[in-house]
1. Which residue is farthest from the chain's Cα centre (by Cα), if the candidates are limited to the range 67-83 and must be in a strand (DSSP E or B) and either modelled with pLDDT under 90 or surrounded by 15 or more Cβ atoms within 10 Å (Cβ to Cβ) (or both)?
2. When you scan the range 94-117, do you find a residue that is surrounded by fewer than 12 Cβ atoms within 10 Å (Cβ to Cβ), assigned to a strand (DSSP E or B) and in contact with a strand residue (DSSP E or B) (Cβ under 8 Å, 6 or more places away or on another chain), even just one?
3. Go through the range 84-93 and report how many residues are surrounded by fewer than 12 Cβ atoms within 10 Å (Cβ to Cβ) and more than 12 Å from residue 69 (Cα to Cα).
4. Test each condition in (1) at pLDDT 95 or above; (2) closer than 15 Å to residue 38 by Cβ; (3) more than 11 Å from the chain's Cα centre (by Cα) for residue 112 and report the one that comes out false.
């Protein structure tokens, strides 16, 4: 693997810790829209430390809903339209990890087949991880 000089990464690590403690105290990002269908562009930004990006680059996507939604699907595609996640969501909660590339656009899609008549369309979506999630 690559060698990272800890001394050169200290300023970036301190800056990251200060920024996160002020702006995002362990909560992650909760998407504003909570109604299916949902389509959200996301770009994960570097922490400023190549060392931290490499070791802490895993993010987690959590979905929760008050009522199970039949045939609910989640997809995550990268900037080249490669599918990173494509699964049916079973039950009231879903959690999946992803290791995204920084500074690359991703598309998060949460949807059901066309024509579905649903009792509930509410899905709470939270994204957590060390990388900074920029929503577009």
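The values are calculated or read from the model by the stated rules, or taken from the named source; none is laboratory data. Because the structure is a prediction, the values reported are computed rather than measured. Here Cβ is always computed from backbone atoms with ideal geometry, including for glycine, and neighbour counts include all displayed protein chains.
1. 73
2. Within the range 94-117 (the criterion being surrounded by fewer than 12 Cβ atoms within 10 Å (Cβ to Cβ), assigned to a strand (DSSP E or B) and in contact with a strand residue (DSSP E or B) (Cβ under 8 Å, 6 or more places away or on another chain)), the answer is yes, since at least one residue qualifies.
3. So the count comes out to 1.
4. That leaves (1) as the condition not met.
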